[in-house]
Every structure is written in C-alpha cells, then in structure tokens.
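Accompanying notes for the structure given below.
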Amino acid sequence: MSMPPAEIGPGEFFPVVGVGPHSKPWPTGAEYDLELLENGDRRNVLDKYRYWSVTAIVADLNTKRHKLQIAIENWQHDLNIGSVVRTANAFNVSAVHIVGKRDWNKRGAMVTDRYLTIVHHPTVEDFGNYCREAGLPIIGIDNLPGISKQLESTQLPESCVLLFGQEGAGMSQEAVAVCEVVLEISQYGSTRSMNASAAGAIAMYHWALQHLPRN
C-alpha cells in the first residue's frame, strides 16, 4: 500500500512517506485509528504500527521497554535535545528525563516524544534524589580532563541513566557531582568535542551492544 514517488519537476521525484488510505474492508481491532485508515498514515513508524493510534503504539512499546533511561540538562533551550530524544525512542528506553527548564526544543524529536515517558526535574538535586530512590546509577557522558573514563572499555549497568549536558557547555558541575562515573568517547580528530546528539547515539548503542540481543 506504499504510495508511488511524487514528481517535483521534470524527471525529478521524491518518495512519499508512509501509506495512503487503507483499502476496504478495513482491518478490525482497538489498535486501529479510523482517521488514519480513511486518510492514510504518513508517520515515520514501523510497518507493524501502520494505521495504529498513538495510544495503541505506546501501549505496545510499554510491554517491551528496556531498562536504559536517558537524562538531558536543559538550561539554554538546546537544539540537540530533540535529536537525543529521537534516538532514545529508537532504543525504546524506559524514560527520558529533562533536567532544568520544563520547555525544551522538540523540533529534532520529530514527534517521537509522543511514544516515550518524559519526566521533568526542575533541578539537578531533584533528579539525583529521584534516581537515588529508584536505585538507578547515573552515568555521565562528557569529556572532562582528569575525571572522565573511557566509554569503550566500560561495562555499563543494564539498569541505569545516561546523563548528557548542554551542547558546548557540557555537563554542569552539579550534574557531574551526582554521577556515579563520567565517561568520554574517544576521538581522533582536531575538535575538542562532538555534537551532543551524536554522543548520545554512540553511548546508547554502546549500552545496547552489551545488553540487547541481536538477530
């Protein structure tokens, strides 16, 4: 039911995302969204979830959430937060914690935050207390001279929170203080640090290689 490419100029085409209206008779089931069946589903979702409502997708994802959680400091409305959230969705983490300002830049998330549990903490202290009570070790990701250890040689706990700081500024001193350990990603070029969203993807994949089965 995928739609053919749409023409944007003589001989030029771009792919149309998703699928068009579902042919009748429609499938039955509480998971299906009648509006999507009628008008088509242009969302960036797995084929399994085509025409499903957001509520139904979240309910299914909740049955297989992983023990990894993600936290991001949000003091300067960082553009990278959305990209980290989108990657967190790809790894189906248990929760994403926004530490600092409640409002965060969602542009890079591409609405994937709808499929995640988002928890807000106004201060680092509040976040630290939450994790302490939940028995969740906080693993910071930043390249801090004399403090950071190598991510690549570290075995991460299956149940943990990976904490990321602001783009450019990195983790705040308060955030470093609540971490069990701070890990850095080895780099081999001229720049001091890599993009926060890229670092997030690498760190989450490192955790996945250690704890998730591969087909």
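Can you name every residue in region 29-56 that is out of contact with any Gly (no Cβ under 9 Å at 6 or more places or on another chain) and of a type in the set (S, T, N, Q)?
Listed by number, the residues that qualify are Ser53, Thr55.
If you scan region 28-47, which residues turn out to be over 25 Å from the mean Cα position of the chain (by Cα), surrounded by 11 or more Cβ atoms within 10 Å (Cβ to Cβ) and assigned to a loop (DSSP other than H, G, I, E, B)?
The one that is over 25 Å from the mean Cα position of the chain (by Cα), surrounded by 11 or more Cβ atoms within 10 Å (Cβ to Cβ) and assigned to a loop (DSSP other than H, G, I, E, B): Gly40.
With the structure loaded, tell me whether Val119 is under 20 Å from the mean Cα position of the chain (by Cα) and surrounded by fewer than 17 Cβ atoms within 10 Å (Cβ to Cβ) or whether it fails that test.
Details: under 20 Å from the mean Cα position of the chain (by Cα): yes; surrounded by fewer than 17 Cβ atoms within 10 Å (Cβ to Cβ): yes.
In short, yes.
Yes/no matrix, rows are residues, columns are (1) modelled with pLDDT under 95; (2) in contact with a Pro (Cβ under 9 Å, 6 or more places away or on another chain):
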site	(1), (2)
Pro21	no, no
Gly29	no, no
Gly40	no, yes
Asn44	yes, no
Lys48	no, no
Tyr51	no, yes
Thr55	no, no
Leu61	no, no
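If the requirement is being open to solvent by less than 30 Å² (accessible area, probe 1.4 Å), in a helix (DSSP H, G or I) and of a type outside the set (Gly, Ala, Ser), which of these qualifies: Val93, Val84? Break it down into steps so the answer makes sense when it comes.
Working: Val93 fails: in a helix (DSSP H, G or I).
Exactly one residue qualifies, and that residue is Val84.
Looking at Gly108, Gly200, which is the one that is open to solvent by less than 30 Å² (accessible area, probe 1.4 Å), at pLDDT 95 or above, at negative phi and under 18 Å from the mean Cα position of the chain (by Cα)?
Values: Gly108 fails: at pLDDT 95 or above.
It is Gly200.
Is there any pair linking a residue in region 146-173 that is closer than 17 Å to Ile185 by Cβ and free of Cβ contacts under 8 Å to residues at least 60 places away in the same chain to one that is assigned to a loop (DSSP other than H, G, I, E, B) and among the hydroxyl-bearing types (Ser, Thr, Tyr), with Cβ under 9 Å and at least six apart or on different chains, and which?
Gln150/Ser186; Leu151/Ser186; Glu152/Ser186; Gly168/Ser193; Gly170/Ser193
Yes/no matrix, rows are residues, columns are (1) at pLDDT below 95; (2) surrounded by fewer than 17 Cβ atoms within 10 Å (Cβ to Cβ):
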site: Ile139; (1), (2): no, no
site: Thr154; (1), (2): no, yes
site: Val178; (1), (2): no, no
site: Thr191; (1), (2): yes, yes
site: Ala196; (1), (2): yes, no
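Pick from region 49-63 the residues that are touching an Asp or Glu at 6+ places or on another chain (Cβ under 9 Å), hydrophobic (A, V, I, L, M, F, W, C) and open to solvent by 30 Å² or more (accessible area, probe 1.4 Å): which of them is nearest to Asp113 (Cα to Cα)?
So in region 49-63, the residues touching an Asp or Glu at 6+ places or on another chain (Cβ under 9 Å) come out as 49-57, 59-60.
Retained after the next criterion (residues that are hydrophobic (A, V, I, L, M, F, W, C)): 52, 54, 56-57, 59.
If we keep only those that are open to solvent by 30 Å² or more (accessible area, probe 1.4 Å) too, we end up with 52, 54, 59.
Values: Trp52: 16, Val54: 11, Ala59: 14 Å.
Across region 49-63, the extreme among qualifying residues is Val54.
Out of (1) of a type outside the set (Ser, Thr, Tyr); (2) open to solvent by 20 Å² or more (accessible area, probe 1.4 Å); (3) over 17 Å from Val84 (Cβ atoms), what's the single condition that is false for Cys131?
(2)
The values are calculated or read from the model by the stated rules, or taken from the named source; none is laboratory data. Remember, predicted model here, so these are calculated numbers, not experimental data. FYI the Cβ positions are ideal-geometry reconstructions off the backbone, even for glycines, and counts take in every protein chain you see. Keep in mind that these areas ignore ligands, DNA and RNA; they rest on the heavy atoms of the full protein, side chains included. Shrake-Rupley method; radii C 1.70, N 1.55, O 1.52, S 1.80 Å.
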